[in-house]
Amino acid sequence: MSRFAGARRARWIALALTGGLWLVLLAVGLETWARWQARQEERLAREIENRLYAESEWTARDQAVAREVLGAWPDTDADLRAWRDLLNLPPADSRWKKRADTFGEAFLFLDAAGRVADRILPDPAGSSLPAGWLERFTPGVVITDILPADWADDAAAASRSAAAGHQIREYPVPIQENSPPEVLQFVWMPAPPEVAFSILCVIRPSIWKELWIAFRPNVHHQDIMDFQSNSLGWRDGEVLLPRPPDVFRVVCVGGSTTAEGPHNALTYPNLLERRLRGAFPKIDVVNAGIFAILSFGEARRAPDYLALDPSLILHYNFVNDVPYVLDRAESAESFLSPRRLLRRLARHSIWVRRNLDLWVLPAETDLITGLQDTFANMDVLRREAGRRGVPVVFCSFARPGWENLPDSEKAFFNRRILNMIWGPRLTMRAYCRLVDLYNRELRRRCVEWDAPFLDIAPLLAGGAERFTDICHMRVWAMEDKARVIADRLAPIIAGSANGAPGPQPASLL
């Protein structure tokens, strides 16, 4: 090799090393800048969180709806207050036992290590708690040793966190061999320093019969909301069966965005009923929403919805399917897709997550593939209902109006989604892109299915004044959602009530 060629090669190596060094410095600089921005946004997000339930204008609107419907704001935490009042009493005080027997609750008094120091169990004759299983919580036993291994770590973390405030968990517990587990609620509360125990653990029947699938019938809890289930296990009043022939019954199917509300009367299905009753005195709207239910669960529960003898089924749900849509979309990608590499980088790089988020999201064609299972499950519900002559009306899914939000509210919603179990996989902007795609594809599917589609999402966009997180709404916003749906559902109901065979095919309202 000539001296000239060697020198030229050395220069290229030097340039490459220098360029590489500058790229590393650029990457470090961008990441440092992104992390500084993230800290600033964290501060902005916390400011919105502090205002969320303290902003007088927002809370006043919620209070106004509650007064109109109930006369006052509901008592949502009566159970927690009752337990806190007892915490000042020693376990030997008769009021503990009276509460246990009256409400069918078990009380475990724990030391700082989570060991049972004392206990009060309810009279088995008046409680649905498994008496034999409760007997295992003898003094000296560590509570996590009795729980199934799947939940022991979480229970230990909840017990440790109780010092900062009460913790509520729902655990499926296998009681009998070859029988479905029984879902029980565990509540950890810190004890005042003057009593002889450190933590109170309350065990009582959960609102769940099957976790994330079905509510337990005839439950009334007031811990984070005033929740009551009827004898059929729905969050509503009793349903008259068979349906009287002059009653038009709408069954609302969905997840927490259907079941949510501080009181049964303040859920959107009940507010929808109030809205429709002026025009249709014989209207009956049933809240068949189930917190966290997936489209698969809705398809599985189709016979239960139809057992309510509906005239029409109204569907509003999507958010719970998001991680499964992403799973299938990512598995549909080419092995050499650059998006796979970006997703790996996004796990470690805030800059990549913040700035290349729409490239971290699978491509649109793969996302449409990811939506196939969701639409297939929705089609199961539609076809099952169709065999009974019951139309299913599908609603587009509402989201915050990301494009028009100030930076502080964008930071708030990004923090909200990041704190979800699957949140690190998406930014709020990417989530909005996915919801929009779902709504577009749902419209197309409804044309194929000859099913009614209510495009309500554009009318419900907003910021923190309307949404408390990426999908759940304030009470006044749920009332507004009921108004928007009522305005578009009324012509369909009127057509059916006048003897028409049902909604017009593929009516895009």
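Computed from the coordinates by the stated procedures, all read-outs in this text should not be read as laboratory data. In this text the structure is predicted, and so the values were computed from the model without any measurement. Ideal geometry is used to build each Cβ from the backbone, glycine not excepted, and the neighbour counts take in all protein chains shown.
Tabulated results
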{"quantity": "Relative contact order, percent, the range 78-210 [alpha-carbon distance under 8 Å, six or more residues apart]", "calculated": "25"}
{"quantity": "Cβ-Cβ FRET estimate between ALA196 and ASP101, R0 fixed at 22 Å, reported to 0.05", "calculated": "0.45"}
{"quantity": "Prolate/oblate/rounded label for the range 257-415 (Cα gyration tensor, a/c 1.5)", "calculated": "oblate"}
{"quantity": "Helix-only CD estimate at 222 nm, as mean residue ellipticity for the chain, using -39500 (n - 2.57) per DSSP H run (n ≥ 4)", "calculated": "-14500 deg cm²/dmol"}
{"quantity": "For the range 438-457 and the range 124-199, distance of Cα centres in Å", "calculated": "45"}
{"quantity": "Convex hull volume per residue for the range 380-507, taking Cα atoms only, in Å³", "calculated": "121"}
{"quantity": "Karplus 3J(HN,Hα) series, Hz, for the range 263-275 with 6.51 cos²θ - 1.76 cosθ + 1.60 (x for Gly, Pro)", "calculated": "8, 3, 5, 10, 8, 5, x, 6, 5, 5, 4, 4, 5"}
{"quantity": "Net charge over other residues, Cβ less than 12 angstrom from the Cβ of TRP36 (K, R count +1; D, E count -1)", "calculated": "+1"}
{"quantity": "Placed amide H near ILE456: partners under 5 Å, 5+ positions off or other chain", "calculated": "SER396"}
{"quantity": "Sequence ranges 136-143, 320-327, ranked by mean other-Cβ count within 10 angstrom, highest first", "calculated": "320-327, 136-143"}
{"quantity": "The range 229-497 - percent relative contact order, Cα under 8 Å, separation 6 or more", "calculated": "21"}
{"quantity": "Dimensions (Å) - the range 229-497, Cα atoms, principal axes, largest first", "calculated": "60, 38, 32"}
{"quantity": "Long-range HN-HN contacts of ARG119 with modeled amide H, under 5 Å", "calculated": "PHE109"}
{"quantity": "Rounded, prolate or oblate (a/c below 1.5 giving rounded, otherwise prolate when a/b exceeds b/c) for the chain by Cα gyration tensor", "calculated": "oblate"}
{"quantity": "Protection proxy ranking of 415-427, 98-110, 160-172, 82-94 - average other beta-carbon atoms within 10 Å, highest first", "calculated": "98-110, 415-427, 160-172, 82-94"}
{"quantity": "Rounded, prolate or oblate (a/c below 1.5 giving rounded, otherwise prolate when a/b exceeds b/c) for the range 187-255 by Cα gyration tensor", "calculated": "prolate"}
{"quantity": "Built amide H within the under 5 Å cut-off of VAL183, gap 5+", "calculated": "VAL173"}
{"quantity": "Proxy reagent accessibility, fewest Cβ within 10 Å first, across HIS315, HIS263, HIS220, HIS472", "calculated": "HIS220, HIS472, HIS263, HIS315"}
{"quantity": "Per-pair calculated FRET efficiency, R0 = 25 Å: GLU49 and HIS348 via Cβ, rounded to 0.05", "calculated": "0.40"}
{"quantity": "Relative contact order (%) - the chain, alpha-carbon pairs under 8 angstrom, separation at least six", "calculated": "13"}
